[in-house]
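Worksheet: one structure, shown below.
Rule-based calculations on the coordinates, nothing more; no lab input. None of the values given here were measured: they were computed from a predicted structure. Cβ placement follows ideal geometry from the backbone for every residue including glycine, while neighbour counts extend to all protein chains displayed.
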Amino acid sequence: MSERNHYDAGAIHNDHHKEINIGTVSESVLKDLISNFFKDDAEDAEYEEVKGKEVVDPVQGIADNAPAGNETPKPKLVVPESEVAKCFKFTYDFVKLKVADIIRDYYKGSYANLALIEITLFDHKQLNRRNSHKAFVRALIAWGLLEVADEEELKKIVSAVTDKHNRLNRISREGYKKWGDDHPDKSICEKIGRDLGDSMPYNG
């Protein structure tokens, strides 16, 4: 059973209780009474404008300020993994993971460093040939270790790696451990070689 509050005439109370008692009235009068009854509350209502919030369509679940979606995705050159064997002597997952670590730690977006990685891998007997630069770069793409947009970018990388190799060959064609201690790139190759570990020993 619901409780009703009773107040003396003229009493002041703040329980926000509102009550309306309507006798027999017409439909149009009833609508006006109800409208006026709730009108005061509606006029007193406060609102707060929220700025900087992401507005999401509740039906679509897509943010109103999200990108239009008409941006063209960056192209990416795809090389089949079968091409890895054209460069690497061994294509086991262990080798792939080891090379992935080397690329992550030493490449740093430098094509010259990529050339040093290639030299070190060859001197540790992981590559079929020393100067097969295109096959090396394509193998890295096939393994997902290097992202290249298209054939033009591939040519640019291969050209830069070739140039670094040619400059190094003018100094020495021997394994990197036989380079003089004053050779500026020897220490990098030695660090890469140490990271390859005992399972991939130097044999330059």
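Residue pairs whose Cβ atoms lie under 7 Å apart, separated by 6 or more positions or on different chains, with the first residue in segment 130-158 and without any contact (Cβ under 8 Å) to a residue 40 or more places away in the chain and the second assigned to a helix (DSSP H, G or I) and surrounded by fewer than 16 Cβ atoms within 10 Å (Cβ to Cβ), are His133/Thr162.
Scanning segment 84-141 for residues that are within 23 Å of the chain's Cα centre (by Cα), aliphatic (A, V, I, L, M) and more than 19 Å from Tyr176 (Cβ to Cβ) turns up Leu97, Ala100, Val137, Ala139, Leu140, Ile141. Filtering segment 178-203 to residues that are surrounded by 13 or more Cβ atoms within 10 Å (Cβ to Cβ) and assigned to a helix (DSSP H, G or I) leaves Lys186, Ile188, Cys189, Glu190, Lys191, Ile192, Gly193, Asp195, Leu196.
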